[in-house]
Amino acid sequence: MKKALISGITGQDGSYLAEFLLGKGYEVYGIIRRSSSFNTGRIDPIYEDPHVPHRRLHLVYGDLNDASSLNRIIRTVQPDEIYNLGAQSHVRVSFDIPEYTGEITGLGTIRLLEAIRESGLKPKFYQASSSEMFGKVQDVPQRETTPFYPRSPYGAAKVYAYWITVNYREAYDLFACNGILFNHESPRRGETFVTRKITKAAARIKLGVQKDLYLGNLDAKRDWGFAGDYIQAMWMMLQAPKPEDYVIATGETHTVREFLELAFGRLQLDWQKHVKIDTKYYRPTEVDLLIGDASKAKRDLGWEAKVRFEELANMMVDADLAAERERLEGSQAKR
Ligand code: NAP
Ligand code: G4F
């Protein structure tokens with residue numbers, strides 16, 4: 001039975017990847033951080049689902065800021081595959097905490113790579129690289145050969161993590177891959193990323209528990225796909241005959257405004273009556289246009305995005321409407 005270690009297992013991607021790998025028969029180890037409130041909400045359902053073999057899921061305490069914990073985990077778990085998904089992953093927040101973002105999102109990667117090197121083991125390594133590295137884009141669409149031009153502390157930290165992964169592949173013959181993933185979303189998306197912020201607000205407005213939604217730049221264009229499709233590409237990269245870097249994207253781009261129209265439209269709401277602009281959500285430097293060319297992944301891995309833009313928006317709105325209804329019914333029952 002293969003063993004996989006996931007940093008960031010409590011996040012959106014980590015939870016989908018854990019389910020996927022358990023389904024493939026892996027023993028899955030996830031690194032979790034101590035928190036004063038529960039942070040395992042996305043993976044708790046694994047323990048409740050009779051179809052998911054949860055006895056093969058193990059959670060271990062550690063932190064990408066704590067090399068000794070990473071060394072210990074790698075020595076004791078001895079994983080065959082490591083997926084480094086842990087990060088301070090919010091671009092806007094990275095302008096407020098740039099040093100911390102560099103520490104976790106950038107240096108966290110070298111701590112993990114060094115722990116691997118010092119262990120003498122040769123696990124395969126996946127690095128969660130990002131289309132945010134393309135920033136002020138030098139090519140349209142962006143592909144593996146497009147030069148990076150990051151526009152945020154987060155983007156700059158991811159560029160460091162990208163190159164250090166390439167360096168360890170070349171210097172130490174490590175099977176290490178960068179997945180350059182474009183934005184991917186789901187009902188499990190963090191609630192402060194724009195898509196989820198919109199779908200949750202639309203559901204609450206529909207149910208009469210919220211009136212307005214405050215947003216920033218509506219003109220930015222993103223290539224949005226479904227997280228459940230994208231985590232499969234991570235695994236596929238580590239099964240390929242040789243380690244390489246891949247762009248993972250849908251090849252379509254849409255504005256934030258288009259996402260708003262679809263999400264509110266799904267609930268027969270007019271977004272213009274509810275959305276207000278708050279400049280605090282603007283970034284000092286913005287990434288205006290992202291659109292990826294994933295033809296290398298299609299050719300070499302047989303991967304391609306299945307869920308398209310409208311289906312993604314509908315899926316997220318429907319899930320938020322159901323969750324909000326349940327929450328309201330629960331709070332009424334308690335009274
Ligand atoms: P996410 O939901 O924000 O999850 C981030 C995960 O990192 C959480 O499990 C979090 O743990 C963990 N983490 C944060 N700080 C940590 C630390 N100091 N030590 C260990 N773990 C830490 O992110 P996501 O959307 O799943 O994305 C997964 C990865 O892909 C990230 O590296 C992100 O930067 C990258 N990425 C995402 C996208 C996208 O569109 N989603 C696109 C390209 C790349 P807590 O739960 O304890 O906070
Ligand atoms: O949803 P976002 O915060 O995602 P962003 O900045 O593109 O970053 C996400 O995708 C990256 C891949 O390219 C990942 F690496 C990263 O970890 C993260 O998952 O913002 C999308 C767009 C931006 O242009 C932003 O300015 O939406 C715009 N926006 C407008 N109003 C807003 C808001 N973004 C947020 N978060 N909140 C707003 O109110």
About its Cα centre, the chain carries a charge dipole, from +1 on Lys and Arg Cβ atoms and -1 on Asp and Glu Cβ atoms, whose size in debye to the nearest 20 is 620 debye
The stretch 102-132 scanned against label point 7 Å out from TYR172 along Cα→C-beta; backbone N under 13 Å for 109-126
Largest fluctuation, ALA322, ALA176, ALA87 only, Gaussian network model of the chain with Cα springs under 10 angstrom, belongs to ALA322
In a Gaussian network model of the chain with springs linking alpha carbons closer than 10 Å, the residue among ILE116, ILE277, ILE104 that fluctuates most is ILE277
Probe 1.4 Å, all chains present, heavy atoms only: THR255 accessible area in Å², nearest 10, is 20 Å²
Rounded to one decimal in nm, the spacing of the 7 Å Cα→Cβ label points at HIS58 and LYS276 is 5.2 nm
Toy charge model, Lys and Arg Cβ at +1, Asp and Glu Cβ at -1: the stretch 68-158 dipole around Cα centroid in debye, rounded to 20, equals 100 debye
Listed by chain and number, the residues whose amide H is under 5 Å from that of GLN142, excluding neighbours fewer than 5 places away on the same chain and using placed H, are ILE291, GLY292, ASP293
Measuring from its Cα centre, the stretch 195-306 shows a charge dipole (+1 at each Lys and Arg Cβ, -1 at each Asp and Glu Cβ) which, in debye to the nearest 20, is 580 debye
As straight-line cross-link partners of LYS276, the qualifying lysines (C-alpha separation under 23 Å, not fewer than 8 residues apart within one chain) are LYS197, LYS200, LYS206, LYS211, LYS221
Of the DSSP H helices in the chain, the ones reaching 24 Å or more along their long axis in Cα terms and averaging at least -1.0 in Kyte-Doolittle hydropathy are 153-172, 309-334
Looking only at lysines whose Cα falls under 29 Å of LYS3's and that sit 8 or more positions away or on another chain, we get LYS24, LYS122, LYS124, LYS158, LYS242, LYS296, LYS298, LYS306
What helix-only [θ] at 222 nm does the chain give? Using -39500 (n - 2.57) per DSSP H run of at least 4, over all residues, to the nearest 500, the answer is -13000 deg cm²/dmol
Of the residues LEU112, LEU328, GLY25, the Cα lying farthest along the dipole of the chain towards its positive end, which is defined by charges on the beta carbon of Lys, Arg, Asp and Glu, belongs to LEU328
Among VAL140, PRO98, VAL60, the residue whose Cα sits farthest towards the positive end of the charge dipole of the stretch 54-172 (+1 at Cβ of Lys and Arg, -1 at Cβ of Asp and Glu, taken about the Cα centre) is VAL60
Two pseudo-spin positions, 7 Å from Cα along C-beta at ASN65 and at THR192, lie apart in nanometres by 1.5 nm
Of the residues ALA294, THR250, PRO284, the Cα lying farthest along the dipole of the stretch 206-335 towards its positive end, which is defined by charges on the beta carbon of Lys, Arg, Asp and Glu, belongs to PRO284
The chain: Kirkwood hydrodynamic radius (Cα pairs, Å) comes out at 20.6 Å
The chain: antiparallel bridges as % of DSSP beta bridges, rounded to 5, reads 5 percent
Sorted on mean Cβ neighbours within 10 Å (highest first), peptides 203-209, 94-100 come out as 203-209, 94-100
Taking Rh as the Kirkwood radius computed over alpha-carbon pairs of the stretch 11-112 and applying Stokes-Einstein at 4 °C with viscosity 1.567 mPa s, one gets a diffusion coefficient in µm² s⁻¹ of 88 µm²/s
Under 5 Å from the placed amide H of TYR214, counting only residues 5+ away or on other chains, we find LYS276
Between the modelled labels at GLU310 and ILE97 (7 Å from Cα along Cα→Cβ) the distance in nm is 4.0 nm
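The values are calculated or read from the model by the stated rules, or taken from the named source; none is laboratory data. Note that the structure is a prediction, hence the values are computed from the model and not measured. Every residue, glycine as well, gets a Cβ built from its backbone with ideal geometry; the counts of neighbours run over all protein chains shown. Protein only, heavy atoms only, side chains kept; ligands, DNA and RNA dropped before computing areas. Shrake-Rupley method; radii C 1.70, N 1.55, O 1.52, S 1.80 Å.
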